[in-house]
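In what follows, a single structure is set out as structure tokens and then discussed.
The values are calculated or read from the model by the stated rules, or taken from the named source; none is laboratory data. Note that the structure is predicted; figures quoted are calculated from it, not measured. Heads up, the Cβs are rebuilt from the backbone with ideal geometry, glycines too, and the neighbour counts pull from every protein chain shown. Accessible surface areas use protein heavy atoms only, side chains included; no ligands, DNA or RNA. Shrake-Rupley method; radii C 1.70, N 1.55, O 1.52, S 1.80 Å.
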Amino acid sequence: MASSVDWCLATSFGEATAQELLDTYGRRFTTEETFRDVKDLKFGMGLKEVRVKTPERGDRLLLIRGDASGNSPHRQALPWHRRRQARHDRNVTATPTMRPRVCRKPLKTPGVWVGAVVADAGALSTHPKEQRPMQNSRSWLAAVAAVAFVTTGCDSDEAPDAKKVADIAASRSAETLRGVSSSMKTVSNLSTLNGLDDAMALFGAGFEGVPLPGRQAGDEGEALSALFDADEVDAQADELERFLRERVFTEANVESTEDNATVFRLKGEQICTDGREPADADCVRFVDDAQLRVRATNLGDDSLELELLIGAKRAEPLALRFLPKTVSLVVDLGGLKGAVEQIDAESAGFLPKVMVGQVELKVTKEGESHWIVSASILDALRLELALEGSTFAFSSARATPLVAFEADGQAKRARFSLDLNTTEVRLPYAGLAPALRGKDWTVSLAGISYSVEATENQTDFVVKNLGLGDAQTHLSLGNDKLFALDLNEQSGRHFDVTLTRGADGAPLLKVQPEFDLVTRFYLAPLKADPASEIPAAYEDATYRLRLSGGAGGPSLRAAPANSATGFKGGLQVVTGELLLSANDAQVVVAQGQCLVGAEPASENDASLLSYLRQGSCE
């Protein structure tokens, strides 16, 4: 943040002086600046991916990297307290680059290693006294870091040969494909999933007055299981492994080595065929013109990073990382745009003018039959596509993970979670109304989240943390807010829902702490467009659906139709109270009663509530 921007600190600590408040906040704010330095694999220490065998090795790693963080030559002219870099778009040496640079020096003996580390870590002492307020402590820390270097050792400073790259990439890719498929097949056959289908079908068919969607039970599990046929997956894994070993990561494809990396040049005649059929000429031409390369970087032990390089400028749109427990694919949208610009300048003209952000697909092995597949937005996404006279824009905030699916074949357990953060879409109004021209539609979604877990022989099915973000979701046209939605605004904006069975065996839906959905319509501005037919009920209206109260939380169940009494079915409030309101009108369904259909008093009655009422469940 620029130093010219004034900050206003609000506090409840009324007895503190202004300086005490500044000092306290300053100590707190230093933690903010270290988050990316500590976690990020590219710009920081990458500790979210670190695996060490003993705590002592982790301590040494932190010591070395902590010492390196203040010693970049680019930072030495700054006062000590400002050397921590909060921005990462400047030409500075990031913390994790210091140790690899020392490790890559062609030094062989421990004695020379010590000298090199002391030279790097102790460089602060060459500056004037007023620029090195921590010289004394840094000097002994440099010596300790040198000893730690010798004790811990560096990641391998040798470029991986073709065989090592092929072994890691091929075997880990095949193992991941087989493991995930096997676990998915196991969990797709869980009886709980079919039981859920049955319960939802009964719940939806229980009444006609307030219909809920039903679906046929049993087909989904069988169809999903068929996707993970073991013989077919094995054949695909074998083919993938053979392709990587024989046609991609071969000694003949090695173009160069640089530090601890080996660069492979991909040739069309090799990768455009599996060896059984002649290579397609158009494919060969495309691959050769694109100048595709893969840079394999040795990360030590059985860890490897593969970066796809495209074109003469070697754009880097994606990276594949093989770490001890994870395989991850990271796609950089900016690098992807740069790659397309090099391959086909004409096609690049159709890409968004702004295209930034990073997404990741990761597979984590927790056990032989226990895998987690997740997708994340590592860096916020932003796309802007120029249209005639306007711009289409999309943005979505960082979300790690965005989605995650866990399949544990041994425990026969499956878990899925979604956690989308603030997302916004903006597009121009395309109607003919002069008063609305030049305005943009804006859909702002505060988020979507939930998690669900299923195990074999599970009796209750629970969906946790259901929510629409931590703020209001709305639709706007220009400065006019047309629609707004709030979920559980006064009760944490999230809720849990449990599908279980009551004493009579019928499906029962429980909610904690409550369900309170408020929607507001302000569609009057759209009447300026003669093509829009806006019902009077939506010009300015507020609708609310609230299920609350009751011992143990509110609950509902379907009340089946009764041909003997003429009851058409309804939704029974088992515990708590159900409230539906539209402006000043409302329907309240008390505990033990049912929400049933009703005939409106007149055909001109446009209120939704005119079709609903409280009634007996018999």
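Here r is the Cβ-Cβ distance between ALA564 and ALA598 and R0 is 22 Å; the resulting FRET efficiency, rounded to 0.05, is 0.55. Accessible surface of HIS474, taken over heavy atoms with a 1.4 Å probe and every protein chain present, rounds to 40 Å². Estimated at 0.36 nm per residue, the fully extended path between LYS163 and CYS283 surpasses their Cα-Cα distance by 40.6 nm.
Karplus-based coupling profile of the range 406-415, in residue order and whole Hz: 10, 10, 10, x, 5, 8, 6, 9, 10, 9, with θ = phi - 60° in 6.51 cos²θ - 1.76 cosθ + 1.60 and x standing for Gly or Pro. Backbone geometry of the range 484-489 corresponds, through the Karplus equation with coefficients 6.51, -1.76 and 1.60 at θ = phi - 60°, to 3J(HN,Hα) couplings of 9, 9, 10, 10, 6, 4 Hz, x marking Gly and Pro. Only one residue of GLN614, VAL497, ASN583 has its Cα farthest out toward the positive end of the dipole of the range 486-618, where Lys and Arg carry +1 and Asp and Glu -1 on Cβ, and that residue is VAL497. Can you give the FRET efficiency for GLU251 and THR455, using 1/(1 + (r/R0)^6), R0 = 60 Å, r = Cβ-Cβ distance, to the nearest 0.05? That gives a FRET efficiency of 0.80. Dipole size of the range 357-430 about its Cα centre, with +1 on Lys/Arg Cβ and -1 on Asp/Glu Cβ: approximately 180 debye, rounded to the nearest 20.
Could you tell me which residue out of LEU545, VAL425, LEU436 lies farthest along the dipole of the range 417-551 toward its positive end? Charges go on the beta carbon: Lys and Arg +1, Asp and Glu -1, centred on the Cα centre. Of LEU545, VAL425, LEU436, it is LEU436.
Averaging Cα coordinates gives a centre for the range 320-370 and one for the range 468-538; these two points are 35 Å apart. Taking each of LYS267/LYS365; LYS267/LYS313; LYS163/LYS185 in turn, the alpha-carbon distance tops 24 angstrom for LYS267/LYS365; LYS163/LYS185.
When LYS568, LYS164 are compared by accessible area of protein heavy atoms, the largest-first order is LYS568, LYS164, using a 1.4 Å probe.
The phi torsions of the range 526-542, fed into the Karplus equation with coefficients 6.51, -1.76 and 1.60 and a -60° offset, translate into couplings of 6, 5, 5, 9, x, 6, 8, 9, 9, x, 4, 5, 10, 5, 7, 9, 10 Hz, rounded to whole numbers, with Gly and Pro shown as x. When LEU547, LEU240 are compared by accessible surface with a 1.4 Å probe, the order from highest to lowest is LEU240, LEU547. For the set LYS362, LYS510, the ranking by accessible area, highest first and with no ligand, DNA or RNA atoms included, is LYS510, LYS362 under a 1.4 Å probe. Rounded to the nearest 10 square angstrom, SER376 shows an accessible area of 10 square angstrom against a 1.4 Å probe. Here THR257 sits with roughly 90 square angstrom of accessible surface, probe radius 1.4 Å.
Close amide H pairs (under 5 Å, H built 1.01 Å from N) link THR422 with ALA397, residues at least 5 positions away or on another chain.
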